[in-house]
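Chemist: What follows is a structure written as structure tokens; I'll ask about it next.
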Amino acid sequence: MKKTIYAILACIIIAGIAITIFMGLNFDLRYTANKQLDIVIGKQFESEEIKQLVREVLENDNARVIVQKVEVYEDIVSITVQDINDEQIEKLNTKINEKYEIENKIEDIIIENNSKLRGRDLATPYMWPVGISILLVLAYACIMYRRLNIIKVIAKILGFTILAQLVYLGIIAITRIPVTAITVPIALVIYVITLIVVFFRMDKANKKILDDNEK
């Protein structure tokens with residue numbers, strides 16, 4: 001049974017690494033190269049209505065579009081799309097003007113070009129805290145389970161935590177789940193759960209040694 005599980009995990013990791021190398025991860029629209037349009041509407045509006053107008057202009061019903069209401073009165077719309085040209089922006093402005101009976105000009109639209117965010121940029125804020133926590137965990141484990149083989153203790157902690165993260169990465173890559181702001185926090189939760197499981201197993205092994213010594 002264990003061999004089957006390890007074989008499945010190995011396949012997930014290998015497939016995930018291969019897909020990541022050749023195709024990359026599927027980043028959420030916010031983290032890809034995109035254009036952001038800020039348009040003053042001056043009145044209440046529905047985000048879904050704006051999103052539909054954008055898709056009509058792009059002539060793609062499945063286009064990834066993020067529409068957000070901004071400012072206190074939520075009368076300004078922020079539209080994020082992967083790609084939109086000047087002609088399409090002009091058409092969109094016309095449609096919004098007609099829909100909400102306003103007279104915005106192209107010059108009134110604030111256009112911002114956002115560059116692609118690299119995966120490591122998402123993880124960078126967590127590197128030092130995670131690194132320090134791993135060192136503290138290893139130090140604690142070496143003291144707490146000193147009766148066990150220290151090298152094996154360290155190998156188990158590092159091995160299982162790295163394995164869990166590689167499986168997580170593999171699942172994200174294979175299923176093409178978008179990488180979002182919660183991707184790294186979920187990885188941290190998996191990291192903590194993995195440590196709990198590893199410590200539980202080492203605790204049982206340590207207890208067995210103590211019981212044997214008492215006998």
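The values are calculated or read from the model by the stated rules, or taken from the named source; none is laboratory data. This is a predicted model, so every value here is computed, not measured. Here the Cβ is made from the backbone with ideal geometry for all residues, glycine too, and neighbour counts use every protein chain on show.
Residue-wise test of (1) in a helix (DSSP H, G or I); (2) farther than 26 Å from L122 by Cβ; (3) modelled with pLDDT under 95.
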residue	(1), (2), (3)
T20	yes, no, yes
N60	no, yes, yes
V72	no, yes, yes
D83	no, no, yes
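Chemist: Of the conditions (1) over 22 Å from T20 (Cα atoms); (2) of a type in the set (A, V, I, L, M, F, W, C); (3) outside any helix (DSSP H, G or I), I177 clears all except one; give me its number.
Modeler: Failing condition for I177: (1).
Chemist: So, in the range 105-121, exactly how many residues are part of a helix (DSSP H, G or I) and farther than 30 Å from Q165 by Cα?
Modeler: We begin by selecting, within the range 105-121, every residue part of a helix (DSSP H, G or I); these are 106-108, 119-121.
From what is left, the residues that are farther than 30 Å from Q165 by Cα are 106-108.
Qualifying residue count, the range 105-121: 3.
Chemist: Can you report the number of residues in the range 122-148 which are outside any helix (DSSP H, G or I) and within 14 Å of R201 (Cβ to Cβ)?
Modeler: As a first pass, look at the range 122-148 and keep what is outside any helix (DSSP H, G or I): 145-148.
After this cut, where a residue has to be within 14 Å of R201 (Cβ to Cβ) as well, the list is 145, 148.
The total comes to 2.
Chemist: Looking only at the range 91-124, how many residues end up being exposed (fewer than 10 other Cβ atoms within 10 Å of the Cβ), without any contact (Cβ under 8 Å) to a residue 24 or more places away in the chain and farther than 27 Å from I41 by Cβ?
Modeler: 1
Chemist: Just a yes or no: is a residue in the range 155-176 out of contact with any Lys or Arg (no Cβ under 7 Å at 6 or more places or on another chain), at pLDDT below 90 and aliphatic (A, V, I, L, M)?
Modeler: No, that holds for no residue.
Chemist: Hey, V77 hits all of (1) closer than 30 Å to A164 by Cα; (2) crowded, with 16+ Cβ neighbours inside 10 Å but one; which does it fall short on?
Modeler: V77 satisfies every listed condition except (1).
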